[in-house]
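Peer 1: Here you go, one structure.
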Amino acid sequence: MTSTAAPDERHPDRLTWWDTTWRVGAALLLGLTFWFFTIALLYPGDADIPDSWRAAWLVLVDPVIGLVAAALVPWRRRWPVPITLVTTVLSAVSTVAAGAQTVAFVSLATRQRWPEIAPMVLLTTLAGVFSTRVVYPDPEALPLWGELLVNLLVIAVIVAIGYSIGSRRALVRSWVERAQTAEAEQRARVARAQTAERARIAREMHDVLAHRISLVTMHSGVLSYRHDLPEEERRAAIAAIDGNARAALTDLREVLGVLRADEEGTSLRPQSTLVHLPELLDEARAGGTRVIVDADLDVADLPESTSRTAYRVVQEGLTNARKHAPGAGVEVRLTGAPGAGLDISVTNPRSVQTAHAEVPGTGTGLLGLSERVDLAGGRIEHGWTPEGRHRLAVWLPWPT
């Protein structure tokens, strides 16, 4: 199963062009605010700007340096420390660049790494003092200790904002990762459920159809090899083929019904249990198999799941005997009691026919039966005994 992300799905930390644009605009707006505030502070009222290098720097060079700093803002995520370092140095000689430095510093603080933040705090403090003491000295400046305190308070606010944004991003990132993990686990559970359902349907189809088809194959083989059959036996064989073929189609529709959504909610026929064992034995005997049954138990007392598995064991044993040992007698034995478990054995000798048509098999009957028995908590053994008889033996739990 494959899954594709929605077209608008993106990483929570990834910025769009609009996110980058408004951040650059905020840096310029903040820098221009600092610039106008500096002009108002140095040249209050209607006083003309004097013809000096400081005034020319403020009017002509400062905004250009600020634009350069703002142009560096989009790269602050790729190179957070270098961009913050450069904008901080530029803010020492340009008030407009202070806006870009603030945005870069906030972005750096979102990483929540003090080895990166602490040096920038010191550098920002020095840049602020250099700007207000050397580049744009204030005639009524605060004492140095007061100015340092104000700078540290402003920087503390910037770091706190960055830390808050970083914490929110980490929280959103954890939510996204948790949701992605939950979706991946859900997809894995669905895939496992689908695989298990396919295996279950395959086992059901084999259990249901192998018995019917083996009867059809056996009777058709008799018609192919025995040209001297009396008319009555020939008609009986044809009737058996027709009846089992129709029954196989009916069973196939019922098994495949689990794949369809029934709008009317009609349920499928319950799966066969040992209560239906007489019908199975009658079909086997009608097909020419001699079956001897020794059942020393009351099948009505068995749990339904155990009874259903036991029915499949007997059905598979009869099917294999009919395929590989046609004409041989089959002995079915069922014993057990609550608390002791249920013992099932299906035994048959080698084929008594010297030549017979080979019935094709899928090779998965005993494998599927082993899986079914394992799921039921039982044990299974099969093979040839020293006496030359094939024995399928299964033990199933029978709780008290």
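The values are calculated or read from the model by the stated rules, or taken from the named source; none is laboratory data. Keep in mind that what you see is a predicted model, and the values were worked out from it rather than measured. Note that each Cβ is placed from the backbone with ideal geometry, even for glycine, and that neighbours are counted across all protein chains shown. Each accessible area value is taken on the protein alone, full model and side chains, heavy atoms only, with ligands, DNA and RNA left out. Shrake-Rupley method; radii C 1.70, N 1.55, O 1.52, S 1.80 Å.
Peer 1: Quickly run through the range 335-355 and pick out the residues that are at pLDDT below 90 and hydrophobic (A, V, I, L, M, F, W, C).
Peer 2: Residues satisfying the conditions are ALA337, ALA340, VAL352, ALA355.
Peer 1: Can you confirm whether the range 132-145 contains a residue that is farther than 25 Å from LEU58 by Cα and either open to solvent by less than 80 Å² (accessible area, probe 1.4 Å) or part of a helix (DSSP H, G or I) (or both)?
Peer 2: There is at least one residue in the range 132-145 that is farther than 25 Å from LEU58 by Cα and either open to solvent by less than 80 Å² (accessible area, probe 1.4 Å) or part of a helix (DSSP H, G or I) (or both).
Peer 1: Any residue that is at pLDDT 75 or above and among the small types (Gly, Ala, Ser) - is there at least one of those in the range 138-148?
Peer 2: Checked the range 138-148: at least one residue is at pLDDT 75 or above and among the small types (Gly, Ala, Ser).
Peer 1: Which numbered condition in (1) assigned to a loop (DSSP other than H, G, I, E, B); (2) of a type in the set (Ser, Thr, Tyr); (3) farther than 25 Å from THR319 by Cβ; (4) at pLDDT 75 or above is the only one that SER272 fails?
Peer 2: Of everything listed in (1) assigned to a loop (DSSP other than H, G, I, E, B); (2) of a type in the set (Ser, Thr, Tyr); (3) farther than 25 Å from THR319 by Cβ; (4) at pLDDT 75 or above, SER272 misses just condition (3).
Peer 1: Could you please let me know if VAL330 is surrounded by 14 or more Cβ atoms within 10 Å (Cβ to Cβ) and modelled with pLDDT of 90 or more? Lay out the reasoning, then the answer.
Peer 2: On the way: surrounded by 14 or more Cβ atoms within 10 Å (Cβ to Cβ): yes; modelled with pLDDT of 90 or more: yes.
Here the answer is yes, as VAL330 does meet what is asked.
Peer 1: For the range 85-106, check the following and say yes or no: at least one residue is more than 21 Å from VAL64 (Cβ to Cβ), modelled with pLDDT of 85 or more and either open to solvent by less than 50 Å² (accessible area, probe 1.4 Å) or among the hydroxyl-bearing types (Ser, Thr, Tyr) (or both).
Peer 2: Within the range 85-106 (the criterion being more than 21 Å from VAL64 (Cβ to Cβ), modelled with pLDDT of 85 or more and either open to solvent by less than 50 Å² (accessible area, probe 1.4 Å) or among the hydroxyl-bearing types (Ser, Thr, Tyr) (or both)), the answer is yes, since at least one residue qualifies.
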